[in-house]
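Quick notes on the structure that follows.
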Amino acid sequence: MRKDEFIKPLEYFSILTMLAVKAFVVIVFVFIVLTLGLKNLNRTPVYISSVLYPPNSTGPLPEVSLGLSELTTPTPIPTMVPTFTFTPTLLPTNTTAPTGTFTATSEPTNTPAPTETSKPTSTTMVLISPTLNPSATSYPTLTPTPLGVATQSTSALTSLVASPLQGIAASDLASIISQPFVLPPTGEDSGHHGVDFAYWNFKTAGAIEGTPVLSIFPGKVASAYSKIRNPYGYMVIVETPLSNLPKEIIDAIKLPEASSTPSSASNRLTCPTGFADWWDTSQKSLYVLYGHMGEPPTVKLGQTVKMGDMVGVVGNTGASSSPHLHLEMRIGPANATFASMGHYDTTTTDQERHNYCMWRISGQFEMFDPMVLYGATGN
């Protein structure tokens with residue numbers, strides 16, 4: 001056996017032996033320390049008259065004289081064990097406080113009523129109390145007259161007022177009325193604010209659905225929206241200044257006297273406020289509304305149209321139970337525009353409902369029976 005092969009195991013053995021000794025020494029040391037510590041913890045000091053005596057003693061030690069000085073009994077220092085108090089910390093709860101804007105309300109006296117039959121949708125809006133002004137103070141002056149009075153003959157107006165339906169003569173309109181004009185009580189959104197035309201098979205015209213709707217007068221498009229809004233559905237409004245109309249038309253326009261029927265306190269129409277209306281109240285215009293059309297308008301807002309221009313086709317959109325044309329006429333401040341209007345729909349905006357209220361019950365736009373321009377009335 002070589003020398004290095006004999007010495008190398010001895011080196012390993014020596015190293016292991018040394019580590020074992022050191023580990024034993026450490027264990028003994030730790031044991032002694034723990035024993036002494038536990039013994040000190042178990043000693044209970046006895047206090048009598050503020051003097052500390054060793055444990056298991058009942059009084060002062062007798063005086064012993066051995067020629068040595070009296071040894072002073074050391075005062076053990078008691079070991080203080082700290083007390084920990086756990087105080088839970090409450091995390092703040094992220095609470096979102098609802099914010100709301102209080103808007104003053106007043107008591108209106110209107111209830112929404114569509115052209116046909118529709119269920120009003122409850123919406124949170126501000127109530128207003130609209131009032132209708134029974135007389136117009138525009139130029140030329142229009143005088144309210146009782147319903148059912150027509151002062152112009154049909155022949156005198158035939159060449160001045162176009163039919164709103166292609167293929168239907170102006171003189172035939174009275175015979176295709178499906179719902180006449182009904183004046184509502186002052187301030188109410190009830191009654192029937194225009195006149196409806198409908199037929200299934202009139203003369204050679206066939207069915208009314210899809211029939212082109214024509215502008216009765218030349219003017220400017222004050223409303224044309226490509227989305228359906230209740231109650232009018234697809235609709236168009238054309239404005240014609242009164243100063244641009246012939247005297248015969250002005251004379252034929254008869255604003256009805258205020259209704260003598262008292263308004264119902266339970267009929268209320270909610271109308272948002274806070275919107276500016278940039279109208280010219282120093283001048284008056286005639287506004288003609290064509291409602292329930294079957295397709296989006298063929299004209300755009302602000303477009304100029306001539307008498308007889310097509311604005312859409314007869315349909316059954318909005319609050320309508322069958323295909324028909326709803327024709328509505330009002331006198332109001334000049335240069336009014338309604339980008340869109342609607343009321344009986346949860347999808348309408350406050351601006352659309354505001355426009356609807358201004359048009360329908362504010363009194364700014366006074367309604368009358370369109371049939372007075374054709375030498376007759378729908379009543």
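We did not get these values from a lab; they are worked out from the coordinates using the rules stated. The structure displayed is predicted, hence computed values, not measured ones. Every residue, glycine as well, gets a Cβ built from its backbone with ideal geometry; the counts of neighbours run over all protein chains shown.
Quick one: how many lysine pairs in region 154-374 have C-alpha atoms under 27 angstrom apart, if they're 8 or more apart or on different chains?
Lysine pairs, 8 or more places apart or on different chains, close enough: 13.
Is region 154-374 rounded, prolate or oblate when judged by the Cα gyration tensor, a ≥ b ≥ c being the square roots of its eigenvalues, rounded requiring a/c under 1.5 and prolate requiring a/b larger than b/c?
Rounded is the answer for region 154-374, as its axis ratio a/c remains below 1.5.
If you add up the charges near Ser340, with Lys and Arg at +1 and Asp and Glu at -1, over every other residue whose beta carbon is less than 9 angstrom from its beta carbon, what do you get?
After counting each charged neighbour, the total is +1.
Starting from the alpha-carbon convex hull of region 247-350, give the projected area averaged over all orientations, in nm².
About 9.9 nm², averaged over all directions.
Treating the beta-carbon of each Lys and Arg as +1 and of each Asp and Glu as -1, no other charges, what is the dipole magnitude of region 154-374 about its Cα centre, to the nearest 20 debye?
Dipole of region 154-374, to the nearest 20 debye: 220 debye.
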